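The next block holds one structure in the form of structure tokens; read it before the comments.
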Amino acid sequence: MTENPFLSLTYEPALEALGEDYYDIVAAADFPQHNLRFRNDALLPRLGLQPKTVDDFDFIEAFGQFQQRSPLLALRYHGYQFGDYNSMLGDGRGFLYGQVRGTDGILYDFGTKGSGTTPYSRNGDGRLTLKGGVREILAAEALHALGVNTSRCLSLVETGERLWRGDEPSPTRSSVMVRFSQSHIRFGTFERLHYLGRGDLMQPLLDHVIEIYYAHLLPLQDPQERYGQFYAELVQRVAQLAAQWMSVGFCHAVLNTDNMSITGESFDYGPYAFMDEFDPRFTAAYFDYGRRYSYGNQPRVCEWNLGMLQKPLRLIMEAEALETGLAPYREHYYNAYRQRMLAKLGFEDLLPELGDELLRLTLELLEKTHVSYHDFFTDLTGQFSEQWCHGPEHILQATANNSDNDATTLLEAWRLHYHTCLTTLSAADVLQVGRCLQQSNPVIVLLRPEIEAIWEPIVAEDNWQPFYELLAKVQQPFNKG
């Protein structure tokens, strides 16, 4: 019998080697059924595996039955949830299955979701609904295709149990998912140590994070300089991540500090949503009554979370270095957001005063006219013509003809400035505008109705074809075919 290729991988005990002050060794649940619903073949080459050499049962044996070559670790962490500190957290329905070095030299985590109870389940059943797994697959694949730094899903196995949930028609079906990510160390991992007064455990954890995820900083001989550079780089990574979410119209929904990765990678998608009509107040989670995690608040919340991370880091770092590291956050964010938004408008770059004004006018137009965020850029892409250089009246002419008076006034100011921007370009650069628009604005957007449309056939007749078809589309969102 050929050995399961997942069980033959070389697992590195990187986090395990830190010791049991950071995790609990747990066992996986024993599920009554194992039906593989999703396998991410695109990730296998990064593990040195070829899809044709990996059977469906290989996925089930490793990531449904949880045969393993290393201990299963439920990670310990705390976190600020909706602004309030919660010391009762930790991996309550998942564990770190193992860590594997990719062919790109990066150490990756296999982290589960829905794999059973742990010491941190807090009266929960430790399970994941099948719909929750489907939604996370779609979110991760859509975001990855749109250029967002995100975890991915490696597999989803339906497990044959009936679950009761308040936010889904119940009983509902169960599943277990395996997440493929850079790290499951969270801001909350550090916050727990501060809460416990364990400064002695802080330095080994931070040294581990730098050694594994910020290895380019290791040549710095002074530990304080190394720690300061780490935090400054994390600030920049998080600012860029927030800009990525905002540019693609994505609302994460639950940006608690336990959902913030120490690598600046996006992960753990619950009640997320892609915004349809442009609205900074758009809030994806029905239970976010105060709109703390609304679409427009995301950059500020990420900055706040980074500020809260300073509390534990002060146990071993100088406060001045932390303040210095956080100070450029808003500049990092704006520069990244500006670059991505200008690309959506067709420009690889513009003079600062022109680009800043174009971005301001665009956001004003979108917010005051309540147009679909994605439709606006789709129309811009579809209507673009070199003729736009000859006068503002040619720009988005079809849109202008179908606008009401208030919208027309706003659009007129936008068209005038867009034309001014075009006049600064050479003929070759104008052609590049069209290509930039096509490369930056997706044809397919994962809105809630699309997710509900593919879920109904799964519930009614166990028909997964619509899901696979939608998945293929969000994985190639710029493909008109």
* Extreme residue, surrounded by the most Cβ atoms within 10 Å (Cβ to Cβ), among residues of the range 9-23 that are in a loop (DSSP other than H, G, I, E, B) and of a type in the set (S, T, Y) -> Y22
* Those residues that are farther than 16 Å from F377 by Cβ, free of Cβ contacts under 8 Å to residues at least 40 places away in the same chain and not charged (D, E, K, R), I need them from the range 388-399; list them, please. => H390, G391, P392, H394, Q397
* Taking only pairs six or more apart or across chains, which ones have beta-carbon atoms under 6 Å, a first residue in the range 58-80 that is more than 12 Å from M177 (Cα to Cα) and at pLDDT 95 or above, and a second residue that is part of a loop (DSSP other than H, G, I, E, B) and of a type in the set (A, V, I, L, M, F, W, C)? -> D58/F6; L72/F95; L73/F95; A74/F95; Y77/L89; H78/L89; G79/L89
* Asked: Only one of (1) touching a Lys or Arg at 6+ places or on another chain (Cβ under 7 Å); (2) without any contact (Cβ under 8 Å) to a residue 60 or more places away in the chain fails for G114. Which number is that?
  -> (2)
* If you go through the range 264-293, how many residues are under 12 Å from the mean Cα position of the chain (by Cα) and assigned to a loop (DSSP other than H, G, I, E, B)? -> 7
* Asked: Restricting attention to the range 374-395, does a residue exist that is in contact with an Asp or Glu (Cβ under 7 Å, 6 or more places away or on another chain) and surrounded by 17 or more Cβ atoms within 10 Å (Cβ to Cβ)?
  -> no
* Structure fact -> For the range 182-234, the count of residues that are assigned to a helix (DSSP H, G or I) and basic (K, R) equals 2
* Structure fact -> Residue hits (the range 38-72; surrounded by 16 or more Cβ atoms within 10 Å (Cβ to Cβ) and aliphatic (A, V, I, L, M)) are L43, L44, L47, L49, V54, I60, A62, L72
* Filter result for R39 (out of contact with any helix residue (DSSP H, G or I) (no Cβ under 9 Å at 6 or more places or on another chain), of a type in the set (K, R) and in the same structural domain as H144 (by TED's automatic domain parsing)) -> no
* For the range 441-472, how many residues are under 10 Å from A142 (Cβ atoms) and either among the small types (G, A, S) or assigned to a loop (DSSP other than H, G, I, E, B) (or both)? -> 4
* Asked: Are there any pairs, at least 6 apart or on different chains, whose C-beta atoms fall under 8 Å, with the first in the range 92-103 and closer than 21 Å to S121 by Cβ and the second of a type in the set (V, I, T) and in a loop (DSSP other than H, G, I, E, B), and if so, which?
  -> G92/T117; G92/T118; R93/T117; R93/T118; G94/T118; F95/T118
* Structure fact -> Within the range 93-107, restricting to residues that are in contact with a Gly (Cβ under 6 Å, 6 or more places away or on another chain) and surrounded by fewer than 23 Cβ atoms within 10 Å (Cβ to Cβ), the one that is nearest to G188 (Cα to Cα) is R93
* To do: Tell me the helices (runs of 4 or more DSSP H) entirely within the range 323-413 that contain at least 2 residues that are under 27 Å from G147 (Cβ atoms) and under 32 Å from the mean Cα position of the chain (by Cα).
  => 329-344, 352-369, 373-383
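The values are calculated or read from the model by the stated rules, or taken from the named source; none is laboratory data. Quick caveat, the model's predicted, so the values are computed rather than measured. Positions of Cβ are generated from backbone atoms using ideal geometry, with glycine treated the same way; all protein chains shown enter the neighbour counts.
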